[in-house]
Each structure stands twice: as C-alpha cells, then as structure tokens.
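These notes are about the structure you will find just below.
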Amino acid sequence: MGDVAPTARRTGLLIPVRSAEDLVGDFRRRHNALSVARRIPPHVTVLFPFARAEALDEVLLSTVASHFSGFASFEAELRHVGRFDDYVWLAPQPRDRFVELIGATCARFPQYPPYEDAGIEPEPHLTIAAVDDAAAAVELAVLADRELGLRLPFRFTVDGVSLFDEQGDGTWRETTRFALG
C-alpha cells in the first residue's frame, strides 16, 4: 500500500454496512481485495473525497454533524446486483433516500465534488468487486448474482454517516460518526 504523506491523506463520508460482512465479505476478499486490505468496510459512499485530513477542525466537524442531524434515520436493504464498467455493486433501497442524502451533502459541501468530478451524479451503491474492464464487470455481475442473489434482500438500518480517514500506511480508519436526526 505504501506511505501516504500527512498532507495527502484523504477522508470520505461513508455509510458503513458492517452487518453486510457475512453477505459480501468472501466475495469482496476475492474481487475487491485492495479495499479489504485497506480496512474499508462494506459501505455506501456519501461523499468521496471529502476534506484532506489535515483540514479537519472542530468548525468543519460541527458543520458536518449539524448537516447530518437534519436527516431522519431509515430502514434500507440491498436489493440486487448492479455494475459500472469497472465495479460490481449491490443497490441500496430506498434509492430516493440515499440520493437525497448524497445530493444534499454534495450541495452542502460543493468544494468537495464527488469523485473529484463536479459533473457527476453519484449512484448509490455498495461496491463488492473492482475490475479492469467492462467485460469483466459483466462476468462478475453474473457471478455475484449467482452467489449472493438468493440472499437478497439484505436489510439494515441507516442511522449515521461516518468520517473515514486515510492513515499514513494507506489503510483507512473510522474517526467520527455523525448520527442522523
């Protein structure tokens, strides 16, 4: 993984779905090993990248906490397998609740565009595999549906968003949890 300079350490706002480890853990270890090695739990991304770790201060953390306190917690589930050209993922539902949370967070913190692309409209997803090309994504999506599909839907509660901080060794650590209203 290598050393990450203190001034280059990134952060992200994620909804950890640790309870999904039994469902997706083996698949992630086989097909998304880098995220597993970096100690990133199964999650739905709200905003990545967020502020550099060195820029986090009490004012920003208080602003983030206030922002998320305005959203009610909700029941969710992972319903089906989806894919992009380079990722295979599980779709969280209700999609509109995730879209609302992600959209409002991106709007509240426009200085941190999602995936460093202000033109992107993030699709809520829980990544289970990373691949090199679209053909591999198609094959892995079929495999994921075969291996995981019968265990869906998988239910969980969204009651908070967590700040994850990249460490000097390239691993990630949950540093702050912001409760939803």
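Computed from the coordinates by the stated procedures, all read-outs in this text should not be read as laboratory data. Keep in mind that this is a model prediction, so the values were computed, not measured.
Summary of values
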{"read-out": "Integer Hz, Karplus 6.51/-1.76/1.60 couplings in order for segment 47-52, x for Gly and Pro", "value": "8, 9, x, 9, 4, 4"}
{"read-out": "Long-range amide H partners of residue 87 with built H, under 5 Å", "value": "131"}
{"read-out": "Rg ratio (alpha-carbon, reference 2.2 N^0.38 Å) - the chain", "value": "1.01"}
{"read-out": "Euclidean distance of C-alpha centroids, segment 116-181 and segment 1-56, integer Å", "value": "9"}
{"read-out": "Computed [θ] at 222 nm, deg cm²/dmol, the chain (DSSP H ≥ 4; -39,500 (n - 2.57); rounded to nearest 500)", "value": "-9500 deg cm²/dmol"}
{"read-out": "Gained length - residue 36 relative to residue 10, 0.36 nm times residue gap less alpha-carbon distance", "value": "7.6 nm"}
{"read-out": "Between helix 21-31 and the chain: long-axis angle, C-alpha atoms, 0 to 90°, nearest 10", "value": "80"}
{"read-out": "Residue-by-residue Karplus 3J(HN,Hα) for segment 115-128, coefficients 6.51, -1.76, 1.60, Hz, glycine and proline x", "value": "6, 6, 9, 4, x, 7, 10, x, 9, x, 6, 10, 5, 10"}
{"read-out": "³J(HN,Hα), Karplus 6.51/-1.76/1.60, whole Hz, each residue of segment 151-158, x for Gly, Pro", "value": "9, 9, x, 10, 9, 7, 10, 9"}
